[in-house]
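The structure under discussion appears below in the form of structure tokens.
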Amino acid sequence: MADQIQVTLPDGSQKPAPKGIQVGEFVRDHIGPGLAKAAVFARLNGTDVDLTRPITEDVKLEVLTTKAPEALEVIRHDAAHVVASVVQRLFPGTQVTIGPAIEDGFYYDFSRETAFTPDDLEKIEAAANEEIAKNLPFVREEVSAEKALELFEGLGEKFKVEIIHDIVARGAKTLTLYRHGDWVDFCLGPHSPGTGRIGVIKITHASGAYWRGDHRNPMLQRVYGTAFFDKKALAAHLAQQEEAKKRDHRRLGKELDLFHFHPFAPGAAFWTPKGTAVYQTLSTWMRRLTTQDGYQEIKTPLLFNKGLWEISGHWGKYKENMFLVLDSETEEHDFSLKPMNCPSHHLFYGFKKHSYRDLPLRLHTQDVLHRNEASGSLGGLTRVRQFAQDDAHIYCTDDQVAGEVRRFVKLLDRVYNALGLTYSAKFSTRPEKRIGDDALWDRAEAALESVLKSLEVPYEIKAGEGAFYGPKIDFDVSDSIGRKWQLGTMQYDPNAAIRFDLSYIGEDNSEHKPVVLHRAIFGSFERFIAILIEHFAGAFPAWLAPVQAVIITIADRQNDYARTVHERLRGKGYRVEFDERGMSMNAKVREAQIQKVPYTLIVGDQEVEQGGVSPRRYGGENLKFMSLEDLERLMDKECALP
Ligand SMILES: [Zn+2]
Ligand SMILES: [Zn+2]
């Protein structure tokens, strides 16, 4: 029947429907009113569309409900439209520019003389939430570029007019307008069915921002906000933000005396003795784990001639991100500090002829790396220019890939578990532009995905987001306050062996190319430590704590004994301090709590007499008197690397 179309649902089932039916109607009539109520937008053959879009041909349909993270992005962009509309009503003469959804919310940039006051922001928030109650539908309309120009010129919106000219210059003939109430904007969409879908809008703050991010352009007034499907989710988000502020690693880094920065070395940390203890403990732990897992550690040079970067391709594509170094002999900036270890590992592989018996070869390196991040983007330990990674490259045969990926995921699982971090994976598959034949991609993708399935790692597929040479898995961890961080990675790379002419002699006595697997678990030590500081709120587990125990005497007459305890524990390798300052015992105990030291060891006359200490755990739990032998047994257990 010519007036019927077939709609294929994600489970593979097909449903016929009248041609021209709107997505929302189809969902209501052919799937169910429950889903129709929860729907926010849809994907037709992979393209995001509004629920009002008519279905005119056979399609694959996916419905995105309030549960989908992408749906939250859509209502945040809805909210940006709503905020812009109320700002133009409340502050006549204000011009609009753009308003995208961003991580955790949205912003809208306005052109007006004066900045918004806190009072203004309150008014905007109240008015925006009133628009939600009206449930105004978002109405999409396709118009010619000329008509759009006419419309926005008529409204006197010169920034919008400028954007339309740009879009036209790039070849667009039509634009899509979105109206709600009497307000209109143009964008690609999608939008939700109406303002009622936005549960609640919260305006968070305002700041200045240059038009198109260029400081030669006029300064605009940016209003930041966020939106959620319901008030409960907003409250949880605000509580999380509040908690995150308290745990901010830059603040705790100062309070716990872990690291410093100096303007003479932007983006490179000075690690204090305490910070260094944390850094080195993680480094030693990872060395032990990788050694036990069959890796070999190597060190490679920090400075390389551009010849290496020409082979690796970095000289052409990545040069601005590298620190170039002047070679006084050639008077050229021919050298660069390495921004990653991979190319040097490939050179290292090439030093020897390899046979299949050498594989898999697992090379681990924790060398210092430099990347020339823009100075404006630097902040704390999360965006730095100098860092180290728990980096490794596995050289193996095609047949070994699945086994190696499996081994890696098990190691990663052990590390994250030991730290109380839960995780999920993102599996990125072949992009449009790629090298290698489809059979190779089929094998590589199957190898990676089979491991995620068999180890029951929760994962989502990022279709088309793999590198041009191979698929990859990225791991997101969730910290103790529910924030997600992308950390571990496993990348399949058959291209390195081609670029670097790497080979091995197979069982068949002929030459083959090894596959390279790039993998990391911490990622950068610097960023990982920042995440751990915030995850633990500075209260590290005993094995990782910069100071594991502090000894405090009740009176000075116990100091001699306390000194012998201090030396004994330090001699056993524990990170112990003896607080000999002339303060009251209570003040010292409080200080140890502020410093979040796992054990406070109290020494009074009784402890001296009986040859022990009375330990108190961080958080207040008093353990009974303990002989030094028992204390050592306890610390042996709790301070051992997991
Ligand atoms: Zn829009
Ligand atoms: Zn690599």
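The values are calculated or read from the model by the stated rules, or taken from the named source; none is laboratory data. Bear in mind that the values here come from a model prediction, so they are computed numbers and not experimental data. Backbone-built Cβ (ideal geometry, glycine too); neighbour counts: all protein chains shown.
Structure notes:
- Residue within segment 226-233 that is outside any helix (DSSP H, G or I), crowded, with 17+ Cβ neighbours inside 10 Å and touching a helix residue (DSSP H, G or I) at 6+ places or on another chain (Cβ under 6 Å) present: yes
- Residue in segment 476-495 that is over 18 Å from the mean Cα position of the chain (by Cα) and loosely packed, with under 15 Cβ neighbours inside 10 Å present: no
- Those residues of segment 80-95 which are in contact with a Ser or Thr (Cβ under 8 Å, 6 or more places away or on another chain) and either buried (at least 22 other Cβ atoms within 10 Å of the Cβ) or of a type in the set (Val, Ile, Thr) (or both), in sequence order: Val82, Val87, Thr94
- Qualifying residue in segment 486-501 (condition: of a type in the set (Lys, Arg) and more than 16 Å from ligand 2 (Cβ to nearest atom)): no
- Residues that are buried (at least 17 other Cβ atoms within 10 Å of the Cβ) and not in a strand (DSSP E or B), drawn from segment 53-70: Arg53, Ile55, Thr66
Okay, residues lined up against (1) free of Cβ contacts under 8 Å to residues at least 24 places away in the same chain; (2) within 16 Å of ligand 1 (Cβ to nearest atom); (3) assigned to a loop (DSSP other than H, G, I, E, B):
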| position | (1), (2), (3) |
| --- | --- |
| His518 | no, no, no |
| Ile533 | no, no, no |
| Ala539 | no, no, yes |
| Pro546 | no, no, yes |
| Ile551 | no, no, no |
| His566 | yes, no, no |
| Leu569 | no, no, no |
| Gly582 | yes, no, yes |
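- Residue ID - farthest from Leu381 (Cα to Cα), chosen from residues in segment 502-516 that are outside any strand (DSSP E or B) and in contact with a Phe, Trp or Tyr (Cβ under 7 Å, 6 or more places away or on another chain): Glu507
- Every listed requirement among (1) surrounded by 15 or more Cβ atoms within 10 Å (Cβ to Cβ); (2) part of a helix (DSSP H, G or I) is met by Asp334 save one, (2).
- Residue list for segment 176-189, filter: in a strand (DSSP E or B), within 34 Å of the chain's Cα centre (by Cα) and free of Cβ contacts under 8 Å to residues at least 60 places away in the same chain: Thr176, Leu177, Phe186
- Residues that are among the basic types (Lys, Arg) and part of a loop (DSSP other than H, G, I, E, B) within segment 585-605 comprise just one, Lys596.
- Test: residue in segment 329-352 that is away from ligand 2 (no atom under 16 Å from the Cβ), touching a residue at least 40 places away in the same chain (Cβ under 8 Å) and more than 15 Å from Gln389 (Cα to Cα): no
- Any chance Arg616 is over 41 Å from the mean Cα position of the chain (by Cα) and outside any loop (DSSP other than H, G, I, E, B): no
- Taking segment 439-468 as the range and being buried (at least 22 other Cβ atoms within 10 Å of the Cβ) and not hydrophobic (A, V, I, L, M, F, W, C) as the test, only Gly466 passes.
- Inclusion of His346 among residues that are surrounded by 21 or more Cβ atoms within 10 Å (Cβ to Cβ), at pLDDT 95 or above, of a type outside the set (A, V, I, L, M) and more than 16 Å from ligand 1 (Cβ to nearest atom) is warranted.
- Yes/no for Glu142 being free of Cβ contacts under 8 Å to residues at least 40 places away in the same chain, within 15 Å of ligand 1 (Cβ to nearest atom) and surrounded by 18 or more Cβ atoms within 10 Å (Cβ to Cβ): no
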